[in-house]
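Here's the structure, in structure tokens; my notes come after.
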Amino acid sequence: MNTAFVSDGPDVLFSTSLDGQTQNMESTPTTTHTPSVERPNHEQRNKRKRGAANIDNQSDLSKAFRERSDAIKHAALEMSSALTSDITIAARRLHQIEEIEFGTSFYWDATNLLSTNESARRWFLGIPENKFALLYLEQMIGRKHDD
């Protein structure tokens, strides 16, 4: 195994395990260089770098969590407004059906069904003609509108 150590001074030393001798590349053979002096400083620099990287990663992670949280809140707000608009549209549609009289028990049952059951509300909104929408409500509520 060959190892070489380079110093900052005028002397450059190297040693080889083949000959077991330390040779000076220049004229003065009195200086030796120990490599262990540099290693702790290098390791300390790496530890500092890793610590800074961890801080950067933690700030990136907290930023990502904040952005994700904001996205979830935004999506929930959009879903809430979409749900509200579906309920509003269903209520308007219910008022367009002339056979259903405001304030009757069938009206309140239909209002309750359409405000609490999303599937029923979507089906109701998907039926284009009022007479078939009324038949759908009667089927879902379980009785005729004029009972």
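What follows draws every value from the coordinates through simple rules; no lab data is involved. From a predicted model like this one, the values you see are computed outputs, not experimental measurements. Counting neighbours? That spans all protein chains shown, and the Cβs are built from the backbone with ideal geometry, glycine included.
As a proxy for reagent exposure, ranking 137, 77, 113 by other Cβ atoms within 10 Å from fewest up yields 77, 113, 137. Taking other C-beta atoms within 10 angstrom as a stand-in for reagent exposure, 89, 100 fall in the order 89, 100, fewest first.
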